[in-house]
1. For the stretch 1-105, which chymotrypsin sites (Phe, Trp or Tyr not before Pro) are in a loop by DSSP, counting at most 15 other Cβ atoms within 10 Å?
2. What accessible area per residue comes out for the stretch 16-112, rounded to a whole number of Å², with a 1.4 Å probe?
3. Only bridges with both residues in the chain count here: give the DSSP antiparallel percent, nearest 5.
4. Rounded, prolate or oblate: which one fits the stretch 122-174, using the alpha carbon gyration tensor with axes a ≥ b ≥ c (rounded when a/c is under 1.5, else prolate when a/b beats b/c, else oblate)?
5. Report residue 109's accessible area, 1.4 Å probe, all protein chains in place, as a number in Å² to the nearest 10.
6. Could you pull out every residue, at least 5 positions away or on a different chain, whose amide H is within less than 5 Å of the one on residue 8? Hs are placed 1.01 Å off N in the peptide plane, and Pro or chain starts have none.
7. Would you work out the relative contact order for the chain, in percent, from Cα pairs under 8 angstrom that are 6 or more residues apart?
8. Counting pairwise Cα distances across the chain, what percent come out greater than 27 angstrom?
Amino acid sequence: SPWTMHVLLVRHGQSKNNIIEQAHGDGEEFIKQRSPNPSLSPLGFQQAELLGAHLGAQLKSEKPRVRLWCSSMLRAMQTIQPLSRALGLSPRIHPTVYENGGFHRTSADGRKEGVYGLTHAEIASQFSGYDASGIPVEGQFGSETEAQSVERAKTVARELTVMSAAKENENLVI
C-alpha cells in the first residue's frame, strides 16, 4: 500500500511579544520592550488548548504514527503542550527548528545580541517528559546570520527527506 508522510507546521500561539508589536509596531518601542524568549499570552494559551483538542482528536483517529517536534523557545513548548497531553506523546525539542534569528535581544545601536534559552533543568521542571537531548545543557544560544539561517533550514530539510524515505505512514507536527 502507498505510504505517506505529512508534515504539519504549526505557528505558536499569541506571545506576549505579539501583543507589544500590535500596540507599538516593530520599531524602537517594540525593541525596547520585547523579550528574547516570551511566554504565551492568555489568548495564546487558549489557542494552544484549542489546537490540542482539535488537532489531537483528528490525529488520534488516524492510523499513521505521530511525532511532535518543537523549538526550544518557551512559546513553542507551551503551544505544543496541550497536543502532547491529548496524544500522550513526548515532544522532541529539536535543536534546528526555530524562527530566523534565534534567541536574541537588540542593542541600543540596533545590533542583535545572542542570549541563552531555557536550560535543561528549566525545561525539565516546566515540561516534564519533553526530549531535550539535542539542546545544550546550558540552553540554546541564539542569534544567527541569514546565511546560517539558510544552512539550518537545509539541515531540517535533509532530515525530513531521510525520514520520508523510511516508507512509514507518519504525521510530523512541528
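1. Taking the stretch 1-105 and a limit of 15 other Cβ atoms within 10 Å, the loop chymotrypsin sites (Phe, Trp or Tyr not before Pro) found are 3.
2. For the stretch 16-112, the per-residue accessible area is 52 Å².
3. Given both bridge residues lie in the chain, the antiparallel proportion sits at roughly 30 percent.
4. oblate
5. Surface accessible to solvent at residue 109 totals approximately 110 Å².
6. For residue 8, the qualifying residues are 172, 173, 174.
7. Computed value for the chain: 29 percent relative contact order.
8. Tail of P(r) above 27 Å: 30 percent of Cα pairs.
The values are calculated or read from the model by the stated rules, or taken from the named source; none is laboratory data. In this text, all values refer to a predicted model and were calculated from it rather than measured experimentally. FYI the Cβ positions are ideal-geometry reconstructions off the backbone, even for glycines, and counts take in every protein chain you see. Only protein heavy atoms, including side chains, enter the accessible area calculation; ligands, DNA and RNA are left aside. Shrake-Rupley method; radii C 1.70, N 1.55, O 1.52, S 1.80 Å.
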